[in-house]
Amino acid sequence: MEVNIEAGWKAILAEEFKKPYFKSLTEFVNTEYALGVCYPPYNQIFSAFNFTPFNEVKVVIIGQDPYHGPNQAHGLCFSVGKEVKIPPSLKNIFTELNSDIGVPIPENGYLESWARQGVLMLNATLTVRAHNAGSHQKKGWEKFTDAVITKLSAEREGVVFLLWGGPAKKKGAKIDTSKHLVLTSGHPSPLAANRGYWFGNKHFSKTNEYLKSIGKTAIDW
């Protein structure tokens, strides 16, 4: 696997790339992409890092697996290609955004504009086999993305971490809350949202209030 990743991240994660587990992960991913269709496209595996350099991260959204259907995943959690139908979880994110801060419901689910403003849209697992959810879990990606969160927690200050649902909360359990804001809620999937665990969390306005309070520019959601 070619680690085509932004220079700041490359330096911060240099030791991680040398570890045995990452070498095994690289072999696994290369084999999977050679054998059949996987997502996101090979050259977009590290898109979250390339759109949002280490020193520019203001907000972290933690997802789980990439989408596993055609033209959906492109390396940013929850985001999909412009021509793809907006998935249910993202639809609920947009609904909450609208009720929280009045953002009109977008026509598509492509969230590059968030990433370019400093929102790191990080999936716990960065690749998946087509039509086979969870197929690349427990191969090393989780260890790698844990290291990403640990580095951000330790070496940055004033980052907002949005932890939606049980897996994200577990993944963010070691974030230093004395120097970062951690907001938690249920997952935006219909299952959790319809039980009252998502809507009304006001995470978008809370994020912007915090960023402004520490002298940073708010996110234009």
Yes or no: ILE149 part of a loop (DSSP other than H, G, I, E, B) and modelled with pLDDT of 95 or more? no
Would it be correct to say that GLY134 is at pLDDT below 95 and open to solvent by 10 Å² or more (accessible area, probe 1.4 Å)? no
Residue that is nearest to VAL160 (Cα to Cα) [pool: residues in the stretch 107-116 that are assigned to a loop (DSSP other than H, G, I, E, B) and open to solvent by less than 50 Å² (accessible area, probe 1.4 Å)]: LEU111
State yes or no: is ALA192 touching a Phe, Trp or Tyr at 6+ places or on another chain (Cβ under 8 Å), part of a helix (DSSP H, G or I) and open to solvent by 10 Å² or more (accessible area, probe 1.4 Å)? yes
For the stretch 200-219, what are the residues that are of a type outside the set (Val, Ile, Thr), assigned to a loop (DSSP other than H, G, I, E, B) and out of contact with any helix residue (DSSP H, G or I) (no Cβ under 8 Å at 6 or more places or on another chain)? GLY215, LYS216
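Every residue, every condition in (1) part of a strand (DSSP E or B); (2) surrounded by fewer than 19 Cβ atoms within 10 Å (Cβ to Cβ); (3) in contact with a Cys (Cβ under 7 Å, 6 or more places away or on another chain), yes or no:
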| site | (1), (2), (3) |
| --- | --- |
| SER178 | no, yes, no |
| VAL182 | yes, yes, no |
| HIS187 | no, no, no |
| TRP198 | no, no, no |
| TRP221 | no, no, no |
Of (1) over 16 Å from VAL59 (Cα atoms); (2) within 13 Å of the chain's Cα centre (by Cα), ALA133 satisfies every one except (2)
Is it the case that the stretch 120-141 has a residue that's touching a residue at least 60 places away in the same chain (Cβ under 8 Å) and more than 30 Å from PHE28 (Cα to Cα)? no
Wholly enclosed helices (runs of 4 or more DSSP H) of the stretch 1-98 bearing at least 3 residues open to solvent by 20 Å² or more (accessible area, probe 1.4 Å) and of a type outside the set (Phe, Trp, Tyr): 7-12, 14-18, 20-35
Answer with yes or no whether LYS169 is modelled with pLDDT of 95 or more, open to solvent by 60 Å² or more (accessible area, probe 1.4 Å), among the charged types (D, E, K, R) and under 24 Å from LEU191 (Cβ atoms). yes
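The values are calculated or read from the model by the stated rules, or taken from the named source; none is laboratory data. Values in this document were obtained by computation on a predicted structure and should not be read as measured data. Neighbour counts run over all protein chains shown; Cβ positions are idealised from the backbone, glycine included. Accessible surface areas use protein heavy atoms only, side chains included; no ligands, DNA or RNA. Shrake-Rupley method; radii C 1.70, N 1.55, O 1.52, S 1.80 Å.
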